[in-house]
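Notes follow the structure.
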Amino acid sequence: MAFIESIRKMMGWCPMKNSLGKGWQEGNYPFFKMENGSIQLDPSPVDLRRNKILKVRYSLFDRWTVIIAIFTLIISLLLWIYIPEDSFLIIFSGLIMFLIPLILFLNRPNIAEVTSGKIIIKKPMRKPLVIEKEDVMQISVTRTENHYLRWLVRSIYVVFIPLYFVKEIMPTLQEMERSFPEYIDLSLFLLNLTVLVMFLVMFYNFELMAPYQRILKVTTRSNLELSFFTDDPEKLTGILKKEEE
């Protein structure tokens, strides 16, 4: 007990006592912190940079979208040719066409999470696609025409969509009122409505990309081509590039 008491007296006049306490209080040791009376190591700036997540909008060309769209057109055409006009089954000729705008909507430019180690591509109603940074083969930055032509494209859509509704949708509705229940007229109405919905979805997809002036294109070793829309492509490029060891 006498030995412990002597140690306490020595610490009472230790000249480093105040400076050490002041150092902990003023944060002179940025990589350490006191929590619940214990010393813990703070994450270093390198770890923080590696764990940083950047969310950007992306566009991915999916060949299955094209294949399904072509297959839908073929099925609809076959139903239109071989099913009698007085059969209710001909309605499916127009109804099946709604798959095309649905596919376009599901494949709209979505949000991806980019870290220093991988790219996580989020797809609606599907599992996320994870691309490791080592699989990135080429990165390039180009200007997008969507931003500079946005008002021209908007004008075309604003004029075309109401005009199509008046010229195609309204006459078909009037014809259905006069000859209901003619299944062939109902199928035509569904077909025209599908075209209108498809252009609305395309306009929506365009508006998601229009604000961005530049595109960062990424090609992987598996020939997968991704287009990232971001206001700061240099920042995204820096995250995707391999860090020096």
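So that you can scan it fast, the table gives a plain yes or no per residue for (1) out of contact with any Ser or Thr (no Cβ under 7 Å at 6 or more places or on another chain); (2) in a helix (DSSP H, G or I); (3) within 28 Å of residue 197 (Cα to Cα):
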| position | (1), (2), (3) |
| --- | --- |
| 111 | yes, no, yes |
| 123 | yes, no, yes |
| 134 | yes, yes, no |
| 137 | no, no, no |
| 147 | yes, yes, yes |
| 151 | yes, yes, yes |
| 154 | yes, yes, yes |
| 160 | yes, yes, yes |
| 167 | yes, yes, yes |
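Tell me which residues, restricted to segment 128-164, are more than 14 Å from residue 210 (Cα to Cα), at pLDDT 90 or above and open to solvent by 80 Å² or more (accessible area, probe 1.4 Å).
Once the filter is applied, which keeps residues that are more than 14 Å from residue 210 (Cα to Cα), at pLDDT 90 or above and open to solvent by 80 Å² or more (accessible area, probe 1.4 Å), segment 128-164 yields 156, 158, 159, 163.
When you go through (1) touching a helix residue (DSSP H, G or I) at 6+ places or on another chain (Cβ under 6 Å); (2) at pLDDT below 85; (3) open to solvent by 80 Å² or more (accessible area, probe 1.4 Å) one by one for residue 117, which number turns out not to apply?
Of (1) touching a helix residue (DSSP H, G or I) at 6+ places or on another chain (Cβ under 6 Å); (2) at pLDDT below 85; (3) open to solvent by 80 Å² or more (accessible area, probe 1.4 Å), only one is false for residue 117: (3).
Rundown of residues vs (1) more than 23 Å from residue 97 (Cα to Cα); (2) at pLDDT 90 or above; (3) in a strand (DSSP E or B); (4) β-branched (Val, Ile, Thr), yes/no style:
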site	(1), (2), (3), (4)
174	no, no, no, no
177	no, no, no, no
188	no, no, no, no
192	no, yes, no, no
243	yes, no, no, no
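Would you check which residues across segment 216-238 are closer than 18 Å to residue 153 by Cβ and either open to solvent by 20 Å² or more (accessible area, probe 1.4 Å) or over 14 Å from the mean Cα position of the chain (by Cα) (or both) and list them?
227
Run down 186, 200 and say which single residue is out of contact with any helix residue (DSSP H, G or I) (no Cβ under 6 Å at 6 or more places or on another chain) and within 25 Å of residue 69 (Cα to Cα).
200
Is it the case that some residue within segment 217-233 is at pLDDT below 90 and either part of a helix (DSSP H, G or I) or under 21 Å from residue 168 (Cα atoms) (or both)?
Checked against the condition, which is being at pLDDT below 90 and either part of a helix (DSSP H, G or I) or under 21 Å from residue 168 (Cα atoms) (or both), segment 217-233 yields at least one hit.
Looking at segment 85-103, which of its residues are open to solvent by 50 Å² or more (accessible area, probe 1.4 Å) and part of a helix (DSSP H, G or I)?
The answer is 88, 89, 92, 95, 98, 99, 102.
Does residue 87 fit the bill of being over 32 Å from the mean Cα position of the chain (by Cα), at pLDDT 75 or above and among the small types (Gly, Ala, Ser)?
Against the criterion (over 32 Å from the mean Cα position of the chain (by Cα), at pLDDT 75 or above and among the small types (Gly, Ala, Ser)), residue 87 qualifies.
Check 228, 165 and return the single one that is aromatic (Phe, Trp, Tyr) and over 30 Å from residue 91 (Cβ atoms).
Among 228, 165, only 228 is aromatic (Phe, Trp, Tyr) and over 30 Å from residue 91 (Cβ atoms).
Looking only at residues in segment 66-84 that are open to solvent by less than 50 Å² (accessible area, probe 1.4 Å) and not hydrophobic (A, V, I, L, M, F, W, C), which one is nearest to the chain's Cα centre (by Cα)?
Going through the qualifying residues, I end up with 72.
The values are calculated or read from the model by the stated rules, or taken from the named source; none is laboratory data. The shown structure was predicted, so the numbers you read here are calculated from the model rather than taken from an experiment. A quick note on method: Cβ atoms are made from the backbone with ideal geometry, for glycine too, and the neighbour counts reach across all protein chains shown. In case anyone asks, the SASA skips ligands and DNA or RNA and just uses the protein heavy atoms, side chains included. Shrake-Rupley method; radii C 1.70, N 1.55, O 1.52, S 1.80 Å.
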